[in-house]
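Student: Before I ask anything, let me first share the structure, which is written out below as structure tokens.
The values are calculated or read from the model by the stated rules, or taken from the named source; none is laboratory data. Values in this document were obtained by computation on a predicted structure and should not be read as measured data. Here Cβ is always computed from backbone atoms with ideal geometry, including for glycine, and neighbour counts include all displayed protein chains.
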Protein chains: 2
Amino acid sequence: MSAEEKKLTDLSELGEFGLIDELTKDFKNIHSESVLGVGDDAAVIKPDHGKVMLVSKDLLIENIHFDMVYTPLKHLGYKSVVVNVSDIVAMNGTPKQILVGLGVSSKYSAEAIQELYSGIRKACQHYQLDLIGGDTTTSPAGLFISITIIGEAEAEKVVYRSGASANDLVCVSGDLGAAYMGLLILEREKSEFLANPNMQPDLSEKEYLLERQLKPEARGDITKLLGELGIQPTSMIDISDGLASEILHLCKASNTGVALYEDKIPIDQLTYDTAKELGIVPTVAALNGGEDYELLFTVRQTDFEKVKNLKGVSVIGYMTDRQEGENLVTVDNQLLPITAQGWDALKRKPQMPSSDAS
Amino acid sequence: MSAEEKKLTDLSELGEFGLIDELTKDFKNIHSESVLGVGDDAAVIKPDHGKVMLVSKDLLIENIHFDMVYTPLKHLGYKSVVVNVSDIVAMNGTPKQILVGLGVSSKYSAEAIQELYSGIRKACQHYQLDLIGGDTTTSPAGLFISITIIGEAEAEKVVYRSGASANDLVCVSGDLGAAYMGLLILEREKSEFLANPNMQPDLSEKEYLLERQLKPEARGDITKLLGELGIQPTSMIDISDGLASEILHLCKASNTGVALYEDKIPIDQLTYDTAKELGIVPTVAALNGGEDYELLFTVRQTDFEKVKNLKGVSVIGYMTDRQEGENLVTVDNQLLPITAQGWDALKRKPQMPSSDAS
């Protein structure tokens with residue numbers, strides 16, 4: 001062990017209250033609604049009159065949702081917040097406050113947890129969030145991150161999964177499949193590193209994919225843009241488990257079917273090339289990869305002129321009657337039923353069908 | 001493996017969405033503020049006009065906060081909710097909604113998680129809570145329970161830790177130390193069981209202690225009673241880490257000192273006898289044991305007549321100027337500085353000083 005390593009602070013030296021004080025001292029609340037943050041039995045929020053509050057939480061668990069071999073702690077802290085912000089954005093809300101729960105094993109030093117918090121703080125600054133509560137405890141093994149996020153919205157602006165009708169246009173922001181390709185590249189490098197620890201990988205060519213996996217952003221810019229253009233989505237969801245899984249959620253909640261056009265699904269050139277390189281059909285990566293944190297939403301046909309040339313938004317299909325089912329219209333004009341093979345943490349990692357889906 | 005055991009359902013058979021559907025199907029929302037619960041990207045709450053919202057979260061981790069050897073899953077589910085309810089009550093608020101995050105290892109069957117949820121449901125019924133969100137995922141080992149609770153209060157009725165002044169009376173509800181004695185009895189039985197698995201313990205005499213450990217209740221009845229009598233506490237906290245730790249929190253936040261009278265600390269006879277049996281000073285069990293989930297609060301001197309004979313409430317001392325420090329006045333009239341040796345999950349289990357604290 002080097003002298004450098006020896007200086008790290010064991011968590012038990014600080015204790016729970018010492019650690020929480022240390023971690024939260026640099027956070028400053030910016031919203032007047034955040035009446036009281038860290039330091040009492042509960043946080044106190046004074047909601048704006050007439051607004052509704054949105055609440056969501058996500059649990060991130062080491063070796064299930066992230067692998068410390070290739071995940072920088074600061075990025076992990078940032079991403080833990082982003083996945084929660086994305087849930088509020090997907091309701092067409094504005095995120096305001098977070099509460100952070102951490103379970104930390106003794107292999108983590110106080111400095112490591114501070115590094116994680118530096119990413120949390122960066123995300124709070126970027127997304128204008130107040131940290132209003134937390135709970136830090138030991139875990140017998142590994143790192144557990146449980147974040148609760150609170151947002152607000154005008155009641156009539158909230159977009160549910162259930163509001164779509166047949167003929168509504170299906171839109172998606174950004175491009176899909178990149179985060180999953182980033183994950184596969186990182187997994188490949190990990191295997192190669194374990195086989196040969198002296199290897200120094202050059203991943204500069206794959207930077208976009210790695211960034212999409214390690215440091216995604218939530219698309220509040222898209223909901224803001226839609227609002228400015230007077231477009232009220234009829235349904236919306238964020239893409240955490242893959243396009244296929246999410247569109248099925250919208251169809252089920254809205255009681256519709258859907259037709260998605262394979263050639264309209266936005267896939268970045270690097271995602272496309274990397275998928276080919278890894279022997280994966282790019283459309284399958286987009287459908288089943290997950291963790292893109294893009295927005296999948298529907299708009300009325302009458303909004304077509306407004307969305308058709310909107311930068312950062314692709315129209316990829318339309319909702320149908322329920323009995324028409326959920327289908328992918330392939331490039332050679334075949335109808336393929338869409339099935340969810342997305343990332344379900346209770347099942348397995350994404351399955352890549354051996355047969356070509358297109 | 002018996003035929004009975006074989007019928008248990010592997011979690012991966014249901015998958016995340018199947019499991020959440022199954023677990024939440026019996027929950028019915030009762031509050032009109034709960035606009036939307038489980039089933040979208042976030043829950044939607046419409047706060048009552050003029051009220052503030054209270055938000056808190058607690059993480060419970062297997063082998064840190066509970067031991068499956070002696071913790072029935074239904075009780076664990078119940079207690080997980082209660083510890084959160086207690087935080088809202090300690091702000092003088094009314095708990096309204098919870099979100100439940102679970103990390104579950106493969107050793108748990110779907111039936112085991114349903115049993116856990118049956119306890120969560122029972123607590124929701126008892127405390128009039130709506131389950132409005134959840135997140136269920138795998139964990140590499142053990143069970144992780146992360147509950148977020150939302151409550152409401154009239155802004156001017158919220159009680160902070162910071163509102164006490166010198167001369168305010170210090171009060172505590174119920175009795176202290178019993179939950180910790182219950183834990184020690186369970187730990188003792190576990191050791192004996194591991195040494196001799198055929199042993200059938202008779203714990204009927206210790207029932208009160210076990211119930212205080214395994215199935216505590218939050219003291220909303222006390223805050224309700226205080227409200228009815230027109231008593232507004234000046235500061236309040238719930239006792240999760242032991243009386244010593246909590247009174248130090250109130251003193252620090254309120255910038256006061258305190259004098260607590262050892263002979264006024266409410267200790268049940270069974271707690272007293274069991275502590276003696278285990279070689280522990282009963283006062284130390286009350287000061288440092290924790291998990292009582294009783295309320296520690298201060299009231300103005302002018303409320304003395306109202307609280308002095310209040311059933312379920314003991315006046316145990318008074319706040320002083322900061323420079324007088326935090327002291328225990330022992331039965332033989334000595335002043336002992338109060339130090340926090342409570343249950344800090346980042347440090348160790350409660351330390352029982354070998355010297356007599358009284």
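Student: I'm told B:GLN125 meets every condition in (1) free of Cβ contacts under 8 Å to residues at least 12 places away in the same chain; (2) over 18 Å from the mean Cα position of the chain (by Cα); (3) in the same structural domain as B:ILE61 (by TED's automatic domain parsing) except one. Can you identify the failing condition by its number?
Tutor: Among (1) free of Cβ contacts under 8 Å to residues at least 12 places away in the same chain; (2) over 18 Å from the mean Cα position of the chain (by Cα); (3) in the same structural domain as B:ILE61 (by TED's automatic domain parsing), B:GLN125 violates only (2).
Student: Mind listing just one residue for me: the one in segment A:22-43 that is more than 7 Å from chain B (Cβ to nearest Cβ) and in contact with a helix residue (DSSP H, G or I) (Cβ under 6 Å, 6 or more places away or on another chain) and, of those, farthest from A:ASP130 (Cα to Cα)?
Tutor: Once the filter is applied, the top-ranked residue is A:LEU23.
Student: Can you find even one residue in segment B:132-155 that is surrounded by 21 or more Cβ atoms within 10 Å (Cβ to Cβ), among the small types (Gly, Ala, Ser), farther than 22 Å from A:SER139 by Cα and touching a helix residue (DSSP H, G or I) at 6+ places or on another chain (Cβ under 8 Å)?
Tutor: Yes, that holds for at least one residue.
Student: Shifting gears a bit: Where in segment B:128-181 are there strands (runs of 3 or more DSSP E), lying fully within it, with 1 or more residues that are within 7 Å of another protein chain (Cβ to nearest Cβ) and touching a Leu at 6+ places or on another chain (Cβ under 9 Å)?
Tutor: B:130-138, B:143-154
Student: Those residues that are part of a helix (DSSP H, G or I) and aliphatic (A, V, I, L, M), I need them from segment B:65-112; list them, please.
Tutor: B:LEU73, B:LEU76, B:VAL81, B:VAL82, B:VAL83, B:VAL85, B:ILE88, B:VAL89, B:ALA110, B:ALA112
Student: For segment B:99-111, which residues satisfy the criterion of being more than 10 Å from chain A (Cβ to nearest Cβ) and touching an Asp or Glu at 6+ places or on another chain (Cβ under 8 Å)?
Tutor: B:SER109 - this is the single residue of segment B:99-111 that is more than 10 Å from chain A (Cβ to nearest Cβ) and touching an Asp or Glu at 6+ places or on another chain (Cβ under 8 Å).
Student: Evaluate segment B:327-349: report whether one residue or more is assigned to a loop (DSSP other than H, G, I, E, B), surrounded by fewer than 20 Cβ atoms within 10 Å (Cβ to Cβ) and modelled with pLDDT of 95 or more.
Tutor: No: segment B:327-349 contains no residue that is assigned to a loop (DSSP other than H, G, I, E, B), surrounded by fewer than 20 Cβ atoms within 10 Å (Cβ to Cβ) and modelled with pLDDT of 95 or more.
Student: Restricting the search to segment A:273-310, which residues are without any contact (Cβ under 8 Å) to a residue 24 or more places away in the chain and hydroxyl-bearing (Ser, Thr, Tyr)?
Tutor: Scanning segment A:273-310 gives a single hit, A:THR302.
Student: Filter segment A:1-21 for residues that are aliphatic (A, V, I, L, M) and touching a helix residue (DSSP H, G or I) at 6+ places or on another chain (Cβ under 7 Å); which is modelled with the lowest pLDDT?
Tutor: Taking the candidates together, the pick is A:LEU14.
Student: Give the residue that is surrounded by the most Cβ atoms within 10 Å (Cβ to Cβ), with candidates limited to residues of segment A:211-233 that are touching a strand residue (DSSP E or B) at 6+ places or on another chain (Cβ under 6 Å) and within 14 Å of chain B (Cβ to nearest Cβ).
Tutor: A:PRO233
Student: Tell me which residues, restricted to segment A:258-290, are in a loop (DSSP other than H, G, I, E, B), touching a Leu at 6+ places or on another chain (Cβ under 8 Å) and buried (at least 24 other Cβ atoms within 10 Å of the Cβ).
Tutor: Matches in segment A:258-290: A:GLY289 only.
Student: Would you confirm whether or not segment B:44-52 contains a residue that is away from every other protein chain (no Cβ under 11 Å) and not acidic (Asp, Glu)?
Tutor: No, there is no match, as no residue in segment B:44-52 is away from every other protein chain (no Cβ under 11 Å) and not acidic (Asp, Glu).
Student: Could you say which residue among B:ARG161, B:ARG188 is out of contact with any Phe, Trp or Tyr (no Cβ under 9 Å at 6 or more places or on another chain) and not assigned by TED's automatic domain parsing to the domain that holds B:SER314?
Tutor: After ruling out the rest, the residue left standing is B:ARG161.
Student: Go through (1) over 17 Å from the mean Cα position of the chain (by Cα); (2) surrounded by fewer than 18 Cβ atoms within 10 Å (Cβ to Cβ); (3) assigned to a helix (DSSP H, G or I) one by one and return the number of the condition B:TYR208 breaks.
Tutor: Among (1) over 17 Å from the mean Cα position of the chain (by Cα); (2) surrounded by fewer than 18 Cβ atoms within 10 Å (Cβ to Cβ); (3) assigned to a helix (DSSP H, G or I), B:TYR208 violates only (1).
Student: Looking at A:GLU62, A:GLU33, A:GLU13 in this structure, which one is more than 30 Å from B:ALA141 (Cα to Cα) and not hydrophobic (A, V, I, L, M, F, W, C)?
Tutor: Just a single option satisfies the conditions, and that option is A:GLU33.
Student: Would you mind telling me which numbered condition in (1) part of a helix (DSSP H, G or I); (2) out of contact with any helix residue (DSSP H, G or I) (no Cβ under 8 Å at 6 or more places or on another chain); (3) modelled with pLDDT under 95 A:LEU225 fails?
Tutor: (3)
Student: Go through segment A:32-64 and give me each residue that's without any contact (Cβ under 8 Å) to a residue 40 or more places away in the chain, surrounded by fewer than 22 Cβ atoms within 10 Å (Cβ to Cβ) and outside any strand (DSSP E or B).
Tutor: Across segment A:32-64, the qualifying residues are A:SER32, A:GLY39, A:LYS46, A:HIS49.
Student: Pairs please, first residue from segment A:193-214 and of a type outside the set (Asp, Glu), second anywhere and exposed (fewer than 13 other Cβ atoms within 10 Å of the Cβ) and part of a helix (DSSP H, G or I), Cβ atoms under 8 Å, 6+ apart in sequence or on different chains.
Tutor: Sorted first by the residue in segment A:193-214, then by its partner, the pairs are A:MET199/A:GLU192; A:PRO201/A:GLU192.
Student: Can you say whether B:LEU248 is touching a residue at least 60 places away in the same chain (Cβ under 8 Å) and within 25 Å of B:ASN84 (Cα to Cα), as far as the supplied structure shows?
Tutor: yes
Student: Looking only at segment B:91-112, decide whether some residue is closer than 17 Å to B:GLN213 by Cα and among the aromatic types (Phe, Trp, Tyr).
Tutor: no
Student: So which residues in segment B:48-106 are acidic (Asp, Glu) and in contact with a strand residue (DSSP E or B) (Cβ under 6 Å, 6 or more places away or on another chain), if there are any at all?
Tutor: Once the filter is applied, which keeps residues that are acidic (Asp, Glu) and in contact with a strand residue (DSSP E or B) (Cβ under 6 Å, 6 or more places away or on another chain), segment B:48-106 yields B:ASP58, B:GLU62, B:ASP87.
Student: Separate question: Would you mind stating whether A:LEU116 is surrounded by fewer than 17 Cβ atoms within 10 Å (Cβ to Cβ), free of Cβ contacts under 8 Å to residues at least 60 places away in the same chain and more than 30 Å from A:TYR261 (Cβ to Cβ)?
Tutor: No.
Student: Let me ask something additional. If you go through segment B:296-313 one residue at a time, how many are surrounded by 23 or more Cβ atoms within 10 Å (Cβ to Cβ) and over 19 Å from B:GLU326 (Cβ atoms)?
Tutor: Of the residues in segment B:296-313, 1 are surrounded by 23 or more Cβ atoms within 10 Å (Cβ to Cβ) and over 19 Å from B:GLU326 (Cβ atoms).
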